[in-house]
Amino acid sequence: MNPQTAPIRKYPGLLARFGLAALFFFSLPSTALAQGYLGGNLIPYAVLAGTTVTCAGAGLITGDIGVSPGAAIVGFPAPCTDIGVLLIPPAANPGQADLLIAFGTLAAQVCDATVGPDLAGLTLVPGTYCVNAAATNLSGLLQLNAQGNPNAVWVFKMTSTLITSVGSTVSIINGGPANSCGAQWLVNSSATIAGGTTFRGNILALTDITMDGNLTGRALARNGQVTMVAPNASFAACGAGAGAGGAPPPFPVFGAGFGGALGPTPTVSEWGMLILAVLLAIVGFAAMRRRAR
Amino acid sequence: MGAQAPMLRFSVVFVVVLVTLFAAELTPPAQSAVVLPWTEALVRITRGLITLFDSRVIAVGKILQSTSSGFAISVEAGCNGIEVAIILIAAMLAFPAPWKHRVIGILVGLCAVQALNVVRVVSLFYLGQWSIEAFEWAHLYLWQALIMLDVLIVWLIWIRTLPPNAGAQPAMAR
């Protein structure tokens, strides 16, 4: 009647299976490749800053938010909501390192033309454009013509600041939502996106970014802060698919469980769970009968 | 009759605990406090592990997406391994065994189920990018069988680790 004297078996089977699972898991082929100008560590970010990320309005951010080398993220989970993860050093360091590399890569691009400084009314095909400083760099509609190329790239090299006026818009023509992140805005100072602006592309600013509008793309500040001041500001990593305002993702989502596009298939179906319960009961009965002898 | 009493008790307790846990899981408080947070945590854990060898993956809520191919899977309630774990927990609570063994068994069982479920999600994520047909087959058949087998093996091993006379004793005496 002393159950504690019974031999304690280890779990060799479990360990073996964990080992096999780990072997399978870590032997999966890597598909990591550099994507465009952004390194792989930068892709998941919607917002990355050097010192502080602050959200003062009831905004929705889709994608990761990070700060490095600083560590201050203010305004989450309220009043802002983030569909992603919040990262500070050391986790955010690789992203900031990739931002530094991307900044250098874009800065090395040779301009095909100098445009603006007010880009309103222009329709631009893919290319590299230099834009000089002005009181506003966008006072109306800028159209980016993707020419049907899903990999179209526009590089805007702002010699100083990037400033938009209230209600201005960057739109994509002859392309889709995925083209939004094909626009790279290299800002040698600070970027200010005014209220009511619908902006597209990745903003890579040397110092600060102030957002008071909707962005489909990324707000990436090397040395300074990212401040989001307007309610309903929505940041979305293009890869995440959710557009301004948190629209449904425009990519196929294959449900791995109930409610998915492939139908109601949970980890184990209802019949499977019933069979499993019966199997466990039968094994339990057998064990009890054997031990009763 | 005396030998069958523990079996009857096991059966009754198993069913009662099973129904209770499933009913509790379906309540809004359990859904908001346990099921949904765990589902999102599962996606983040999976993404964290994947990024060890593939950085082009993002987790957005319950959605895991490849930023290179655009393929995404949504891990829904029911896909998080909780229901399967409930069956195992109910069986271990119902089976006459010392509480120490029950606690250890439940913890190890939870780890085994969830670890395999993470592997399942990762494999489906990559299978789907390779072939939707392979994704569906693995999703509907292969992984259901493997998860069930996983639980059954944990259950068998747990029973073998019990003291030799554990199953022959009235559980209330423990």
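Quick rundown of the values:
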quantity	calculated
Residues that are of a type outside the set (Val, Ile, Thr) and closer than 25 Å to B:ILE58 by Cβ, drawn from the range B:32-45	B:SER32, B:LEU36, B:PRO37, B:TRP38, B:GLU40, B:ALA41, B:LEU42, B:ARG44
Residues within the range A:171-215 that are touching a Pro at 6+ places or on another chain (Cβ under 8 Å) and surrounded by fewer than 22 Cβ atoms within 10 Å (Cβ to Cβ), tallied	4
Check on A:PRO231, farther than 23 Å from A:THR51 by Cα, assigned to a loop (DSSP other than H, G, I, E, B) and modelled with pLDDT under 90	no
Qualifying residue in the range A:61-71 (condition: surrounded by 19 or more Cβ atoms within 10 Å (Cβ to Cβ), hydroxyl-bearing (Ser, Thr, Tyr) and not in a loop (DSSP other than H, G, I, E, B))	yes
Residue in the range A:7-21 that is modelled with pLDDT of 80 or more and surrounded by fewer than 18 Cβ atoms within 10 Å (Cβ to Cβ) present	no
Any hit, the range A:172-188, residues being more than 19 Å from the chain's Cα centre (by Cα), in a strand (DSSP E or B) and at pLDDT below 90	yes
Residue count, the range B:95-138 (criterion: in a helix (DSSP H, G or I), touching a residue at least 24 places away in the same chain (Cβ under 8 Å) and of a type in the set (Gly, Ala, Ser))	4
Hits in the range B:1-42 (condition: within 15 Å of the chain's Cα centre (by Cα) and touching a residue at least 60 places away in the same chain (Cβ under 8 Å))	B:LEU18, B:LEU21, B:PHE22, B:GLU25, B:LEU42
Residue count, the range B:114-128 (criterion: crowded, with 23+ Cβ neighbours inside 10 Å and more than 7 Å from chain A (Cβ to nearest Cβ))	2
Positions within the range B:1-47 being at the interface with chain A (Cβ under 9 Å from one of its Cβ atoms), at pLDDT below 90 and assigned to a helix (DSSP H, G or I), in sequence order	B:PRO6, B:MET7, B:THR39, B:ARG44, B:ARG47
Qualifying positions in the range A:269-293 - among the aromatic types (Phe, Trp, Tyr) and within 7 Å of chain B (Cβ to nearest Cβ)	A:PHE285
Meets criteria (modelled with pLDDT of 90 or more and more than 8 Å from every other protein chain (Cβ to nearest Cβ)) for B:LEU64	no
Test for A:SER160: is it over 22 Å from the mean Cα position of the chain (by Cα), modelled with pLDDT of 85 or more and either among the acidic types (Asp, Glu) or within 20 Å of A:CYS111 (Cα to Cα) (or both)	yes
In the range B:139-160, residue surrounded by the fewest Cβ atoms within 10 Å (Cβ to Cβ) [restricted to those that are facing chain A (nearest Cβ under 7 Å) and closer than 18 Å to B:VAL122 by Cβ]	B:LEU140
Looking only at the range A:64-111, and only at residues there that are touching a Gly at 6+ places or on another chain (Cβ under 7 Å) and within 20 Å of B:PRO37 (Cβ to Cβ), the one that is modelled with the highest pLDDT	A:ILE65
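The values are calculated or read from the model by the stated rules, or taken from the named source; none is laboratory data. Here the structure is a predicted model, which is why all the values come from computation and not from measurement. With ideal geometry, Cβ positions are generated from the backbone for all residues, glycine too; neighbour counts draw on all protein chains shown.
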